[in-house]
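Down below is the structure, laid out as structure tokens.
The values are calculated or read from the model by the stated rules, or taken from the named source; none is laboratory data. The model shown is predicted, which means the values in this text are computed figures rather than measured ones. Please note: Cβ atoms are built from the backbone with ideal geometry, for glycine as well, and neighbour counts cover all protein chains shown. To get the accessible areas, we keep the full protein, side chains included, count just its heavy atoms, and leave off ligands, DNA and RNA. Shrake-Rupley method; radii C 1.70, N 1.55, O 1.52, S 1.80 Å.
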Amino acid sequence: MRLQAPETSGSPSIFNLQEQALAEALTHPNGVKTPLDKISPVFPFSAAQDVSQVSGTAYTTAQTLVQQVAYTLSDKLFSYSPATFDLDAAAKSWSAASQPNGHGAVTSVNAMETRLGAANVLLGYVFSPDASPEKKAVAKSILASTASLLPMRSALDQLASAYEAASPFVAHVAAVDLDVTSGKIVSDYNAAVTVAQETGVGLVASFSAHEAQHMALFATLAATVLPTVHIYDGVAVSRESTKVTDVLEQSRLQSVFDSILAEQSEVGKKVDQAAKVNGILKSLNAELGTAYSMFEYEGHEEPDAVLVVFGSVESSLATQVAAGLAKTGEKVGVVVVRVYRPFAESYFLEALPKSVKRIAVLGQVNDQTAVNDSTVQSALWTDIVAATSMSGIWQLPPPTLDVKYARETVWSPKQFAWIFDQIVRKNSVSIEIPEEALTSEASTIDSFELLSEGADAKQYIFWDRDDAASTPAAAVVAKLLAEDAAKIIAFSATYDNGPLAGVLQSEIKSSKQSVEASFHVESADVVVVNDIALLSSFDITARTKTNGSILLKSNIKDEDLEKLPAAFKRGVATKSINVVILNIDEDASAAVENALVQLSFLSVAGLDAPLEKLSVSNQDSEAVHAAAASLATALRKVEVPKEWAFAVSETEVAALPTLPSATSFTANDEKNPTEPIFHLKSTQSAAQTLSFKEAYGVQSALRPDLGMRNYVVKVKENKRLTPAYYDRNIFHIEFDLTGTGMEYGIGEALGIHAQNNAASVAEFIEFYGLNAEDIVEVPSREDPEVLEVRTVFQALAQNVDIFGKPPKRFYEALAEYAVDDGERKALLTLASAGGATEFKRRAEVDTCTFADILEEFPSARPEFHDLVKIVSPMKRREYSIASSQQVHPNEVHLLIVVVNWTDPKGRERFGQASRWLSQLSTGSEVTVSVKPSVMKLPQLSTQPLIMAGLGTGLAPFRAFVQYRAWQKAQGIPIGSVLLYMGSRHQREEYLYGEEWEAYQAAGIVTLLGRAFSRDQAEKIYIQDRMRQSLDDIIEAYIKEEGAFYLCGPTWPVPDVTEVLQEAIVEGGRREGKKVDAVKKIDELKDVGRYVLEVY
């Protein structure tokens, strides 16, 4: 958190320069002003042309401030920015203008492409042996989105493993990605957390634009300790324009960096990473007068319930809502995670109030499917559970709820108030607020007014087609309002390329007190609708204030007002909304139309603005005067009939969206896109196509839709390990790699591109009335010139996830094909907020598939070429590899359990991939790929291995033991191997039992701890076997510096880690030392000696 203003230099700020430029412009001798450059409809306040001008008080964005830090403190800047994201626009302009960085040199900005192995080029710079010590000490920086992080993983892994020889490396990453399933731009922290966990890089978060510069500076300083990723919201926070005070100018930025770096050079080498990073943060606070912490608490002094969060919008909103609730006496609080890696459990426990009785962890997962999957836990939850369980503070740690949410979640303050209410009173927590939970009083409370604590708070919304002449109007208004130095303006814009082939929605918030949290306007004083068609696409009145105003740009006549959508009329009448029509002459120029929208808004909002000021911001200043002359006749107020409150329509949709979906950062430049041409062809036609490939332009490729290295392997052996009578089918499968060139490492995972069950596919084809042998010809998604030719059967078996879980967007898309009105309304309801409860039941309880929904709604029957557009593609399934390639050079082995359950209708359901694999016969071909993992052997072969595997979690440990056996056979000395395994019954689930015993007899496995929980009256678990051999663990783990690994479900993590904690304490006691076990586990995590792969 920020407490006081730091010192600033005497150079003028952007804000001062803007004011000066405006004053000079207004001194123009005639009544018509010279216009400024064309204003952006998204960024009203253009980035500083000179990096040295970024200082003082300025209207800017978090992205600009991040670029300023990266440019100032680096000599080389690598940018992985998609063209429309503009993550590097300012830095590029500064570099092109040869502007100096903090060292007096010009920072080179290198635009790179995101692809597998991204950032490998950077390794040459950070490890360069030719660089002088002075140059090697200068940070190498990256500007990127989270979409680029996963392809960078291998480079980051190499960097982290040999960082002592590298230059400081920092990646400033906007948490933003395009979700291909929903088509939405989402805030993605999941990728960053995954990469940080797997590679050991640091992960630091900014919560708002107001601290983005400080955190970018902190991350660059932390990069002197370990490679660091600075993450911040890339959808809202990085692109919202607002007034930021006390911005450090370039020379001050460099001096603070140098001062802290000099101070940290005196820190001893034996100090662990977390302590070093914490020391840097304290030094930063001392320099800037701030109070940042690795974990920050806000709320009641003695809370009963605490929420733990990570992420920009999540942290800022939770903090402000918790503070507000605490003032009213609610015993709640929030711990926001600023430094996620290195995860210092001791610092977290210091921040966590000891009065807490219940903890809820708000953890992001990839998508709604993962949210609904009870076997998936968020990474943050796993860390918090481990921290509280091993702390020793509580005899019984407080229960910890995993509140998962998908990347596409759009947050509001009311959601956090709802979450806090639930964690105090309930045993489960949901993200979405059910309608019945909203009282009439709660629904009228406006979050912005509440958080800004002032009656002067005003909010405005502008809706428009994204290519309309009036799109800059909102930005011009925002810039005009920002001239009031007493006000703080926040401006944001969202492009939704779906409705009307492209919509731009802009929001303006005005208040005297800063509200750092970024969220959508809930209750606008004035809403401007620049196209009447928008009334049928969005619920405009839902976010209009009671007694507020709607300015509707339309040439609609009074006698046609009854034709307005029924929902709109009801909303207007119910909320007593003032409706004003703006009628613009059809012959008016685009500039006049734009100016009229601005002037009309100012009139409706009751705001004054001299024409001279508007003339400065508009491209055609003469148009401003022409618009002013016609304003009086262009506006008319609508007299709202009382009957509108009861308006109904037979064709009315159950619930229109209230918010736009961010699907792009630019206007839709493909208003009439050319879609891939799908054909159903005869067998003869297909044969011609395949026989004369050159003539038809056909190319053959192995799964061309997948952007990774794939291999076709053959099943060598497939055998069930559990008895046929047993209720769990666990099987061992081997693949032959001969001739594929595939290589894999110890601990890596194998991605399986499975197929749908052939019988189920045939059944669906018959039900849907398809011909299995018909040919589908469609351009590849990656290259429209390349055609894929498949039969209908092949497409359903290999490409289309017809038996997967449908998302909400499927119901909405399917509704377009429903002939029956009742079915159409039912589908639209399920896709709306009002159908959330029923949708959740279908997804989680009934486990409905795409095929089930098509069967339930028979009137909705899209043609096959349309069906494949709206059904999700099949995804690969990853399994830990259970073999070492040194021992089996031409084989890869897996250990898998078939996932099965019975749904409420009594139908037996199966996991698609596990069932398919279990039924494969010898010689069957499978498409596979290799994925890195966190399960890595220690650097020294003599370091002991302590492994705990439950069920199929034994898979990677079989590979470990095979590799150790191979090493020993090569004459390489190896350390001890302690293997603990857990399952229900020895007779049925002693997986690889004979192998383990053989390895033990050969001296490879030195201890075999077998826990069969249900073979005796008293249940024995894996942690019990570990505790029984505590002396062996102390010797291997503590004295001989071994590495511990746990693979399997999450539930034993606290118990198993408690045993390790006991070993650490006892080992220290025997040496006459008092050891902080919690802190020690943190250290072991950082060096890869405490590794969890849980699910």
- Query: In whole Å, what are the Cα extents of segment 945-1094 along the three principal axes, biggest one first?
  - Reply: 44, 43, 25
- Message: Could you work out how much longer the chain between residue 903 and residue 134 gets when fully extended? Use 0.36 nm per residue separation minus the Cα distance between them, nm to one decimal.
- Response: 270.3 nm
- Item | Theoretical ellipticity at 222 nm over the chain - DSSP helices of four or more residues, -39500 (n - 2.57) apiece, nearest 500 | -9500 deg cm²/dmol
- Item | Hydrodynamic radius (Kirkwood) for segment 454-646, which is based on Cα pairs only, to one decimal in Å | 17.0
- Amide H contacts under 5 Å for residue 736, restricted to residues at least 5 apart in sequence or on another chain and with H modeled in the peptide plane, are 714, 715, 716
- Query: Summing Lys, Arg as +1 and Asp, Glu as -1, what charge do residues with Cβ under 11 Å from the Cβ of residue 736 carry, residue 736 excluded?
  - Reply: -2
- Query: What percent antiparallel are the DSSP beta bridges of segment 454-646, to the nearest 5?
  - Reply: 60
- Note on the structure: Heavy-atom accessible area of segment 52-288 with neighbours in place, 1.4 angstrom probe: carbon+sulfur share in percent works out to 52
- Task: Taking each pair of different alpha-carbon atoms in segment 297-438 once, compute 1/r for the pair, average those values, and report the inverse of that mean as the Kirkwood hydrodynamic radius in Å to one decimal.
- Result: 15.2
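For Cα pairs less than 8 Å apart in space and 6+ apart in sequence, what is the mean separation divided by the residue count of segment 52-288, i.e. the relative contact order in percent?
25
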- How do 808-816, 1014-1022 rank on mean C-beta neighbours within 10 Å, highest first? 808-816, 1014-1022
- Note on the structure: Taking the alpha-carbon centre of each part, the distance from segment 209-269 to segment 398-435 in Å is 31
- Task: Kindly state, as a whole number, the per residue volume in cubic angstrom of the convex hull around the alpha carbon atoms of segment 1019-1072.
- Result: 70
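Just the number, please: carbon plus sulfur as a percent of the accessible area of segment 315-388, 1.4 Å probe, no ligands or DNA/RNA counted. Present the calculation step by step, with values, prior to reporting the outcome.
Numbers: 1180 of 2180 Å².
Here carbon and sulfur together make up 54 percent of the probe-accessible area.
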- Item | Å² per residue, accessible surface of the chain at 1.4 Å | 41
- For residue 358 the rounded accessible area (nearest 10 Å², probe 1.4 Å, non-protein molecules ignored) is 50
- Leaving ligands, DNA and RNA out of it, rank 1069, 1025, 338 by accessible area with a 1.4 Å probe, largest first. 1069, 1025, 338
- Task: Output the antiparallel fraction of DSSP beta bridges having both residues in segment 52-288, as a percent to the nearest 5.
- Result: 20
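Working with all protein chains in place, sort 246, 727 by solvent-accessible area computed with a 1.4 Å probe, largest first.
727, 246
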- With +1 on each Lys and Arg Cβ and -1 on each Asp and Glu Cβ, how big is the dipole of the chain about its Cα centre, in debye rounded to the nearest 20? 2320
- Principal axes first, then extents: for the Cα atoms of segment 52-288, list largest minus smallest coordinate on each axis, whole Å, largest first. 51, 40, 33
- How much net charge surrounds residue 606 when only other residues with a Cβ under 11 Å from its Cβ are counted (Lys, Arg +1; Asp, Glu -1)? -1
- Can you give the net charge of the other residues whose Cβ lies under 14 Å from the Cβ of residue 562, counting K and R as +1 and D and E as -1? 0
- Rank these by accessible area, largest first, 1.4 Å probe: 491, 85. 85, 491
- Enumerate the amide H contacts of residue 791 below 5 Å, restricted to partners 5 or more residues apart or on another chain; note that Pro and chain-start residues carry no placed amide H. 776
- Note on the structure: Charge dipole of the chain built from unit charges on the beta carbon (Lys, Arg +1; Asp, Glu -1), centred at mean Cα; most positive-end Cα among 97, 594, 860 is 97
- Message: Given the options 870, 796, 910, identify the residue whose Cα lies farthest towards the positive end of the charge dipole of segment 776-913 (+1 on Cβ of Lys, Arg; -1 on Cβ of Asp, Glu).
- Response: 910
- Kindly write out, for segment 798-803 in residue order, the coupling ³J(HN,Hα) from the Karplus curve 6.51 cos²θ - 1.76 cosθ + 1.60 (θ = phi - 60°), rounded to whole Hz, with x marking Gly and Pro. 10, 10, 9, 7, 5, 10
- Where both partners of a DSSP beta bridge lie in the chain, what percent of those bridges are antiparallel, to the nearest 5? 50
- Query: Once amide H atoms are built 1.01 Å from N in the peptide plane, which residues 5 or more positions from residue 1009, or in another chain, come under 5 Å H to H?
  - Reply: 979, 980, 981
- Query: So what's Rg/Rh here for segment 782-919, counting alpha carbon atoms and using the Kirkwood radius for Rh?
  - Reply: 1.06
